[in-house]
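Just so you know, all these numbers are worked out from the coordinates, no wet-lab data involved. On a predicted model such as this, the values are computed, not experimentally measured, just so you know. All Cβ positions, glycine included, derive from the backbone under ideal geometry; neighbour counts span all protein chains shown.
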Amino acid sequence: MKKNLNQNHSFGPRTNENNSENMKVECGCTTHEEKEYLNNFYSLSVDCVFDCLFNTDSNFYKEYFAANNFFDLRVQNWTDNSRKLEYNFDLGFFCKTKNIEKQKILKSVKNECFVVETEVSASGPLYADCVTTITKYCITKELDNKTRLIVNVRLDYKKKPSWAVLSIIESKTSSNMKSCYAFIDKKLTSIENKIN
Ligand SMILES: [Zn+2]
């Protein structure tokens with residue numbers, strides 16, 4: 001007869017912490033909208049992945065910021081699980097956009113689950129100001145010290161551009177997002193290798 005590992009927890013005091021040991025946690029979203037850019041597992045804690053992605057003072061964040069040609073970051077403090085970031089984005093050829101990013105923590109359970117939604121609107125050249133980029137980060141515990149990160153991105157048009165402009169925006173956003181999340185994926189894997 002197979003031994004049920006959960007029986008190890010049948011005796012002794014039971015606390016919430018014991019119950020949650022090695023239990024997979026779901027983000028609980030009803031949908032993950034539009035386009036998925038990342039869906040991967042890392043041998044890191046949920047809090048560590050959250051810190052990498054949202055602690056603007058961390059080396060991880062600074063490297064991510066520079067790698068994406070973002071600069072002049074101004075960050076507000078978190079208030080009621082929300083904050084605003086402002087930064088510029090260098091498009092090359094002396095073009096830059098001014099970005100405003102609103103971040104909202106929709107769900108937060110220490111070392112189990114974080115769901116964060118960000119909304120980026122940009123003003124500047126290349127039709128940047130007709131679209132808002134909405135990104136959802138679901139960071140969930142898969143096992144103790146193993147975390148799943150899912151990132152989905154949706155484009156919300158303030159005014160619907162012509163078909164030609166729409167296809168330029170979509171292909172440009174898609175290539176920017178792919179390189180941005182490839183960087184995050186590679187960087188999280190390198191931290192994982194350093195720690196473990
Ligand atoms: Zn989710």
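Summary table below
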{"read-out": "Net charge of Cβ neighbours under 14 Å - reference residue 74; Lys, Arg +1; Asp, Glu -1", "value": "0"}
{"read-out": "Label-to-label distance, nm, for residues given as residue 57 and residue 156 (7 Å Cα→Cβ offset)", "value": "3.1"}
{"read-out": "Ranked by how many other beta carbons lie within 10 Å on average, peptides 76-86, 136-146 from highest", "value": "136-146, 76-86"}
{"read-out": "Amide H contacts of residue 37 (H built 1.01 Å from N, under 5 Å, at least 5 apart or other chain)", "value": "151, 152, 153"}
{"read-out": "Rough spin-label spacing in nm, given labels placed 7 Å along Cα→Cβ, for residue 132 and residue 30", "value": "1.9"}
{"read-out": "Members of 98/160; 35/102; 159/187; 136/172; 62/158 lying beyond 28 Å, as alpha-carbon distances in this model show", "value": "159/187; 62/158"}
{"read-out": "Rounded, prolate or oblate (a/c below 1.5 giving rounded, otherwise prolate when a/b exceeds b/c) for the stretch 46-96 by Cα gyration tensor", "value": "oblate"}
{"read-out": "The chain shape via C-alpha gyration tensor axes, a/c threshold 1.5", "value": "prolate"}
{"read-out": "Additional length obtainable on full extension of the chain from residue 77 to residue 183, 0.36 nm per residue less Cα span", "value": "35.6 nm"}
{"read-out": "Table column - 3J(HN,Hα) (Hz), the stretch 33-47, Karplus curve with 6.51, -1.76, 1.60, x for Gly and Pro", "value": "6, 6, 10, 8, 9, 8, 7, 8, 10, 9, 7, 9, 7, 4, 5"}
